[in-house]
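The values are calculated or read from the model by the stated rules, or taken from the named source; none is laboratory data. Here the structure is a predicted model, which is why all the values come from computation and not from measurement. So basically every Cβ, Gly included, is an ideal-geometry build from the backbone, and we count neighbours across all protein chains shown.
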Amino acid sequence: MLGRARGVAEPKSTGRRNPRWQVVRLAVFFIISAVILRLWQLQVLDHSAYAKLSEGQQAAYELLTPERGKIFATEKSAEGGQELVPLAVNTDAYFIYANPSLITDPAAAAKALAEPLGKTEEELMPVLNKPTDPYEPLLHRAGPEAANAIRALNIPGIEMITERERFYPNNNIGSHVLGFVSYKNDALVGQYGLEGTLNKDLAGILGSVSSIESPGGVWITLGDRDLAPAIDGSDVVLTIDWVVEFRVCKELASWVQRHGASGGSVIVMDPKTGAVIAMCGSPDFNPNVYNETSKITNFNNPALFLDYEPGSVMKGLTMAAAVDQQKVSPNSTYNDTGEVLFGKSVIKNSDNKAHGIQTMTQVLEESLNTGAIYAMRQIGVQVFRKYLEDFGLGSTTGVELDGEAAGNLHSLYDSNEIYAATASFGQGITATPLQMVTAYAAIANGGKLMRPYLVKEIRHSDGTTETHSSKVVRQVISSKTAALVSGMLVRVVTNGHGKKAAVTGYVIAGKTGTAQIPRHDGKGYEDGSTIGSFIGFGPVSDPKFAMIVRIDRPKDVQYAESSAAPLFGDLAKFILQYYEVPPSSAY
């Protein structure tokens, strides 16, 4: 008998879960929880830190270099106005640098680069043979020829960029006034001259720009961007008249060479304002290649850096003080015995002669040491010293150039009268050419001492202009005294040792000075070496210029009447003609 088929029995629930499924569920739960917790940490707790990290990875920062201000002189235009003449400008050049880590053969690279870089292989090898170094500067201010030669070599790891460089179109002319620029921390910095003194005005202010950059180096314009624009440097317009400056500097260089002199200086000044029309020194230098200068001392401006015992040009100031005190007049007389005794010391005239009865005017004409001592004694040492200080000796003039010497009047504070005696004719004290011409300019200007200045305008990049003008320092002597002494100085040019400084048709006043040079060991003076100076102004009735010519250690002539006076005369003639000053009808 067949039985009934039995169905498949369903399992009975026991109320307990499978352990393996439980493990899987727990694992999934913990993984999801960990992910959620990490996301919360990243987006909430650590958001600011990661945001900053992200910004750092994408930030782009660039310095913006300002344009250095230009320096100008002026010259007369055809219309009678003034035109600007560039003395210091900016031009494109090339900066050559290396990435030594990319240079596979440093020796070959050094050999190939030596000539266009102007360096030796020995100099280049230590720089190029640095396998882990990504940057080494090689040459600033490379010209197009050098840049093209280096580019043609196609050496991996040698790169170049265009940069703005300083250029002086007139080379050596006016180099002591201008100075030069050099690199400091890859930035141009002014050295010496006005480039140094006015560096802050000329350099401008660095700018910067920062933003977000894509991984490919593209600026993201939608990101935050901070811009601080560069402020270009200010342009500077000088009181220098370029035509006069050019002529003066050329003539001085030629004159120094002609006489085998060690150097010299010339300053031309407007006596009514103190504006410096020309300032030249020798030896000079080319600021475009200042590193080729043979001596670093050539960078010093001899017109104001080198104080010296000025010699007999001091007699004009001594006489001005005595006349102003009304202790002497142009026609006052004394008996010149040829010498003056100070205890056991004897001071004689430079010609070692006695001239008998002489007027104060003749003292200047014949440059008598004994007469200068006589005039000094009439006013006394203290009054004499005060006048020299009022004329500006013993302190800097304040002209806009660093390195100005103050000169030395210390001996005049000694109780021994002999120091004032020698100072009366320019020995035992020192002054700079700038101080001396400024003092004589005061005589030309009715007794008013003006502060010398070189900067006429500073033109700022925002369009504003800072104008510099003349400044009266003090009234040193009366206008009457100035007129009397000017007349006495005219006689020096017409009748005395200054005849070679004369200009036909014009009334010129001036004084020669032949100075001895103190020995370096302080024991007396050098044998056979002198410094010749001539200081003067004209035309006397309405002076257009005051000028000093100084010639150092000429080999072929000893006295200023043959070294400095003739150059003064040549330059004075040129200046009067250039300024179209008519000759005197009464001369």
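Looking only at residues of region 423-477 that are out of contact with any helix residue (DSSP H, G or I) (no Cβ under 8 Å at 6 or more places or on another chain) and part of a helix (DSSP H, G or I), we find that the one that is surrounded by the most Cβ atoms within 10 Å (Cβ to Cβ) is Val437. Checked against the criterion of being under 30 Å from Asp241 (Cβ atoms) and either in contact (Cβ under 8 Å) with a residue 40 or more places away in the chain or of a type in the set (Phe, Trp, Tyr) (or both), the candidates Ala146, Ala142, Ala88 yield just one match: Ala88.
Beta carbons closer than 7 Å, at least 6 apart along the sequence or on distinct chains, pair a first residue in region 313-329 that is crowded, with 24+ Cβ neighbours inside 10 Å with a second that is outside any helix (DSSP H, G or I) and of a type in the set (Lys, Arg) for Val313/Lys511; Lys315/Lys511; Gly316/Lys511.
Say we look at region 274-312 and pick out the residues that are more than 21 Å from Asp241 (Cα to Cα) and of a type in the set (Val, Ile, Thr); which of these is surrounded by the most Cβ atoms within 10 Å (Cβ to Cβ)? Only one residue tops the list, namely Thr293.
Somewhere in region 317-329, is a residue among the hydrophobic types (A, V, I, L, M, F, W, C), under 17 Å from Gly513 (Cα atoms) and either modelled with pLDDT under 95 or in contact with a Gly (Cβ under 7 Å, 6 or more places away or on another chain) (or both)? Reasoning before the result, please.
If we filter region 317-329 for residues that are among the hydrophobic types (A, V, I, L, M, F, W, C), which is where we start, we get 317, 319-323, 328.
If we keep only those that are under 17 Å from Gly513 (Cα atoms) too, we end up with 317, 319-320.
Pick out the ones that are also either modelled with pLDDT under 95 or in contact with a Gly (Cβ under 7 Å, 6 or more places away or on another chain) (or both) and you get none.
No - not one qualifying residue is present in region 317-329.
If you go through region 169-209 and keep only what is at pLDDT below 95, polar (S, T, N, Q) and in a strand (DSSP E or B), you end up with Ser182, Ser208.
Per this entry, Phe384 is not counted among residues that are assigned to a loop (DSSP other than H, G, I, E, B), out of contact with any Pro (no Cβ under 6 Å at 6 or more places or on another chain) and either buried (at least 20 other Cβ atoms within 10 Å of the Cβ) or among the acidic types (Asp, Glu) (or both).
Could you say whether any residue in region 537-548 is surrounded by fewer than 24 Cβ atoms within 10 Å (Cβ to Cβ) and farther than 25 Å from Ala442 by Cα? No, region 537-548 contains no residue that is surrounded by fewer than 24 Cβ atoms within 10 Å (Cβ to Cβ) and farther than 25 Å from Ala442 by Cα. Identify the residue in region 238-267 that is within 18 Å of the chain's Cα centre (by Cα) and part of a helix (DSSP H, G or I) and, among all such residues, is surrounded by the most Cβ atoms within 10 Å (Cβ to Cβ). The extreme case among them is Glu245.
Residue-wise test of (1) under 15 Å from Pro271 (Cβ atoms); (2) of a type outside the set (Ser, Thr, Tyr).
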| position | (1), (2) |
| --- | --- |
| Pro452 | yes, yes |
| His460 | no, yes |
| Ser469 | no, no |
| Val473 | yes, yes |
| Val485 | yes, yes |
| Met488 | no, yes |
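Just one of the numbered conditions (1) out of contact with any Ser or Thr (no Cβ under 6 Å at 6 or more places or on another chain); (2) modelled with pLDDT of 95 or more is not true of Gly528: (2). Against the numbered list (1) surrounded by fewer than 24 Cβ atoms within 10 Å (Cβ to Cβ); (2) in a strand (DSSP E or B); (3) not aliphatic (A, V, I, L, M), His520 comes up short only at (2).
Output the residue which, of all residues in region 389-422 that are outside any loop (DSSP other than H, G, I, E, B) and among the hydroxyl-bearing types (Ser, Thr, Tyr), is nearest to Phe305 (Cα to Cα).
The initial filter retains those residues of region 389-422 that are outside any loop (DSSP other than H, G, I, E, B), namely 389-390, 408, 410-413, 417-422.
With among the hydroxyl-bearing types (Ser, Thr, Tyr) added as a condition, the list becomes 411, 413, 419, 422.
Numbers: Ser411: 20, Tyr413: 24, Tyr419: 24, Thr422: 23 Å.
Among those residues, the one meeting the criterion is Ser411.
Every listed requirement among (1) farther than 22 Å from Gly532 by Cβ; (2) at pLDDT 95 or above is met by Ser461 save one, (2).
For region 486-509, the tally of residues that are in contact (Cβ under 8 Å) with a residue 60 or more places away in the chain and touching a Gly at 6+ places or on another chain (Cβ under 7 Å) stands at 11. Taking first residues from region 376-405 that are farther than 19 Å from Val437 by Cα and partners that are part of a loop (DSSP other than H, G, I, E, B), the Cβ contacts under 6 Å between residues at least 6 apart in sequence or on separate chains come to Gln378/Lys327; Gln378/Val328; Ile379/Gln325; Ile379/Lys327.
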